[in-house]
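The values are calculated or read from the model by the stated rules, or taken from the named source; none is laboratory data. Here the structure is a predicted model, which means the values were calculated and not measured. Positions of Cβ are generated from backbone atoms using ideal geometry, with glycine treated the same way; all protein chains shown enter the neighbour counts. In case anyone asks, the SASA skips ligands and DNA or RNA and just uses the protein heavy atoms, side chains included. Shrake-Rupley method; radii C 1.70, N 1.55, O 1.52, S 1.80 Å.
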Amino acid sequence: LKSQDVDLHKLIHDLIDFITPFIGEKLISIENKIPVNTTIKNWPDALRVLMYNFLMNAIKSTEQGVIAISIENRSNSYTIKIQDTGVGMSPSMAKFLITGKSKDEVENLPKYKKGNGVGYQIIRNIIKLMKARFEIESEENVGTTINLYFEN
């Protein structure tokens, strides 16, 4: 597939409208910090699925606070960041989510077993297909930042 021009601000705006009902009674605000008319080269459908999964995970792990989506542009790449003020996670859990492999069976700990694990399988496969990469910066009881790296 060929990448195409994507209005990232609009894609995130539309996703926020779609997922806002999932917040329920939680005291969460979702901030679209992508500047208006920010156009990137990407696969719009795959990017929408990625962002949906990351935002839903942020909502699940955040009881109150902020979820923010931003972008850092460079001459030959860009990074999309999803930050939350949720429960955070241990370094071993972050490694498990990135690789799908774990030495200490963190995926079986009740604290992290909020889903069935399919979301991060989808995320890893889409990112691999897009020839991108992602990192997780997290601190327990502070929050998490997901960094999605793309080459132009």
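Quick grid of which residues meet (1) touching a residue at least 24 places away in the same chain (Cβ under 8 Å); (2) in contact with a helix residue (DSSP H, G or I) (Cβ under 7 Å, 6 or more places away or on another chain); (3) among the charged types (D, E, K, R):
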| site | (1), (2), (3) |
| --- | --- |
| 14 | no, no, yes |
| 17 | no, no, yes |
| 23 | yes, yes, no |
| 37 | yes, yes, no |
| 41 | yes, no, yes |
| 44 | yes, yes, no |
| 49 | yes, yes, no |
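Pick out the one residue from 69, 98 that is open to solvent by 50 Å² or more (accessible area, probe 1.4 Å) and within 22 Å of residue 135 (Cα to Cα).
On the way: 69 fails: open to solvent by 50 Å² or more (accessible area, probe 1.4 Å).
Every option except 98 fails the conditions.
Give 34, 59 a once-over and let me know the one that is β-branched (Val, Ile, Thr), within 21 Å of residue 118 (Cβ to Cβ) and surrounded by 18 or more Cβ atoms within 10 Å (Cβ to Cβ). Before the answer, list the steps.
Numbers: 34 fails: within 21 Å of residue 118 (Cβ to Cβ).
Only one candidate passes the filter, namely 59.
Regarding region 8-23, can at least one residue be identified that is among the polar types (S, T, N, Q) and open to solvent by less than 70 Å² (accessible area, probe 1.4 Å)?
Yes: region 8-23 contains one or more residues that are among the polar types (S, T, N, Q) and open to solvent by less than 70 Å² (accessible area, probe 1.4 Å).
When region 96-134 is examined, which residues are found to be of a type in the set (Lys, Arg) and modelled with pLDDT of 85 or more?
124, 128, 131, 133
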